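Below is one structure, written out as structure tokens; the observations come after it.
Derivation of every value follows stated rules applied to the coordinates shown; laboratory data play no part. Note that the structure is a prediction, hence the values are computed from the model and not measured. Don't worry about glycine lacking a Cβ; one is built from the backbone with ideal geometry, like all the others, and counts go over all protein chains shown.
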Amino acid sequence: MAELHEECGVFGAYAKQPMDLAGMAYYALYALQHRGQESCGIVLNDDGVFTTHRDLGTVNEVFTKQKMEQFPSGTMAVGHVRYGTTGGTNRANCQPVVVNHMKGKLALAHNGNLSNAFELRSKLELGGAIFHGTSDTEIIAYIITQQRLKTPSIEEAVCRAMDFLDGAYSLVIMSSAKMIAARDPRGFRPLCYGVTAEDTYVIASETCALSAVGAKFVRDILPGEILTFDETGIHSNTSHCWKKEKTACIFEYIYFARPDSVIDGVGVHDARKNAGRLLARRHPVEADMVVGVPDSGLDAALGYAEESGIPFGLGFIKNKYIGRTFISPGQGQRMNQVRIKLSPIGQEVRGKRIVLIDDSIVRGTTSGQIVNLLREAGAREIHMRISSPPFRNPCYYGTDIDSRDKLIACHHSIEEIAQIIGADSLGYLAVEDLTEMIGSNQYCHACFSGQYPTAIPTNTQKDRFEGKLSQREKKKA
Ligand code: SF4
């Protein structure tokens, strides 16, 4: 039950005949809801006419029966779920973004954060551009639109725009006649496509969304690839596919992605179970039961139990009927969330020595609450084991941890953290275990190691941007 959030999930569909693609987008976004609960949106393309609905809220809150009935049949659709950080939480930042330009229009859905966003914004403003956007997605949409005016096709414009962008971006872009999927050259965020029995092509952040709409997985979009779907077929542009190392976000496997998804050939459930096995080898302990914190600690707990021979047990019941109110950010709300979300099973844990497995400790608040719940339920000893290394560095590639201030492992030793959260012992996975966890060494581990795969924004760039934002807010007021 990590205290950090993924930013977004994206979806696209391309059909040969008009059909209910808004309905398909609805179910796919439902499957991607874990990637963002603050806002969502769908843009439907009916012969070049775009129908858009976006709002703050979860998929079932935003897309009521009445709203869904307003969507006509169409041949293309783009969808998005968002957990917002850059640009804040307001209606203006809901996606997909729709832009009208001199050669047509486009709708764009984005997952990730640009690591050179501050630099790009300054360049746009210095170059005399009238740029009012605040989010990375608006920067990307602006650059693609600018390039579109100089190029013969939308895919060529996307290709040229990618020369400017650095950092994490998985994109789904819809023009009047084409659907495009593009992934940054390091492949930070996942993106894949599949096909349904009716020959509708489906693009999604995770394979779980393909399964939800009955599409068969075809393959992942390659890091750096631009894949275009149009009436002439599917066209792949690999000119941005580097020979360099891929740096896929390891946290997708640890926490963000759904366990039934497969990313770049590695099953998320398998990776988490491996993490549990490695953890059992690295930090063995005498105990009576292994308990996973629902949901993302469960797979690793199974791995720990298998490797250690200590029985796996259900220590908690998770309340499945909690609405978005309890998933919204904010320390005050977080304090209550844990007790409302999780309930320990007293008869299972009472008097026992528990190995408690969770995916990460970010601020420490949630872990402390969970340990406390087990103590209250009568657990005799609690040995906390974390299926990732200590989180010590901010992430600039699409999560909501952008400052060291919030990270408990930056300010305390492991022994101190154990004391703060009230555990009898605490053990983490090591950075070098991650390669064995996913069977590859091509991943980003910057939040653990501090080794960033791109240049990162300086404080001066951030301050300048935040200063401009507050000036703009003052003017609005
Ligand atoms: Fe993922 Fe961490 Fe890299 Fe961010 S810094 S992309 S969370 S591995």
Subject >> Principal axes of region 12-76: Cα extent on each, largest first, Å >> reply: 31, 20, 17
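Would you mind putting 144-155, 28-39 in packing order, based on average other-beta-carbon counts within 10 Å, highest first? Present the calculation step by step, with values, prior to reporting the outcome.
Working: 144-155: 18.0, 28-39: 24.2.
Listed from highest to lowest mean packing, they are 28-39, 144-155.
Considering only the other residues whose Cβ falls under 13 Å of the Cβ of TYR443, what net charge follows from Lys and Arg at +1 and Asp and Glu at -1?
Details: positive: ARG186, ARG189, LYS246; negative: GLU245, GLU252, ASP264, GLU432, ASP433, GLU436.
It works out to a net charge of -3.
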Original post:
Near LYS67, which aspartates and glutamates are there with a Cα under 19 Å away, not counting those fewer than 8 places off in the same chain?
Top reply: ASP20, GLU38, ASP46, ASP55
**OP:** For GLN451 paired with ASN319, estimate the spin-label separation in nm (one decimal), with each label point 7 Å from Cα along the Cα-to-Cβ line.
**Re:** 4.4 nm
Original post:
Roughly how big is region 8-247's charge dipole about its Cα centre, with Cβ charges of +1 (Lys, Arg) and -1 (Asp, Glu), in debye to the nearest 20?
Top reply: 320 debye
**OP:** Anything over 31 Å Cα to Cα? Flag those among LYS65/LYS105; LYS318/LYS352; LYS320/LYS352; LYS320/LYS406; LYS16/LYS123, in the order listed.
**Re:** LYS16/LYS123
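Placing unit charges on C-beta atoms (Lys and Arg positive, Asp and Glu negative, everything else neutral), compute the dipole magnitude of the chain about its Cα centre in debye, rounded to 20.
Details: 52 positive and 54 negative charges, 205 e Å.
Approximately 980 debye in magnitude.
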Subject >> Size of the chain as Cα extents on the principal axes (Å, biggest first) >> reply: 70, 52, 47
Subject >> Helix 117-126 vs. the chain, principal-axis angle (Cα, 0 to 90°, nearest 10) >> reply: 30 degrees
**OP:** Find which of CYS444, ILE408, LEU149 sits farthest along the positive direction of the dipole of the chain, computed with +1 on the beta-carbon of Lys and Arg, -1 on that of Asp and Glu, about the Cα centre.
**Re:** LEU149
**OP:** Add +1 for every Lys or Arg and -1 for every Asp or Glu among the other residues with Cβ under 12 Å from the Cβ of VAL172, and state the total.
**Re:** +3
Original post:
If you average the sequence gap of Cα pairs under 8 Å that are 6 or more apart and divide by the length of the chain, what percent do you get for the contact order?
Top reply: 14 percent
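When only Cα pairs under 8 Å and 6 or more residues apart are kept, what is the percent relative contact order across region 8-247? The partial results should precede the final answer.
Numbers: 587 pairs, mean separation 48.9, N = 240.
It comes to 20 percent, rounded to a whole number.
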Original post:
Mind checking the log10 I(q)/I(0) for region 266-447 at q = 0.17 Å⁻¹? Debye, one equal scatterer per Cα, no solvent, two decimals.
Top reply: -1.15
**OP:** Kindly rank 103-114, 227-238 from highest to lowest mean number of other beta carbons found within 10 Å of each residue.
**Re:** 103-114, 227-238
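When DSSP beta bridges are limited to those with both residues in the chain, what percentage is antiparallel, rounded to the nearest 5? Display every interim value, and only then the final one.
On the way: 66 of 83 bridges.
Once the DSSP bridges in the chain are tallied, antiparallel ones form about 80 percent.
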Subject >> Karplus-derived 3J(HN,Hα), 6.51/-1.76/1.60, for each residue of region 409-420, Hz, glycine and proline x >> reply: 6, 7, 10, 9, 6, 4, 4, 5, 5, 4, 5, 4
Original post:
When all C-alpha to C-alpha distances in region 8-247 are sorted into bins of 5 Å, what percent of pairs does each bin hold, rounded to whole numbers?
Top reply: 1, 7, 15, 20, 22, 18, 11, 4, 1, 0, 0
Original post:
When ranked by the protection proxy of mean other Cβ atoms within 10 Å per residue, highest first, what sequence do the peptides 433-443, 376-386, 170-180 form?
Top reply: 170-180, 376-386, 433-443
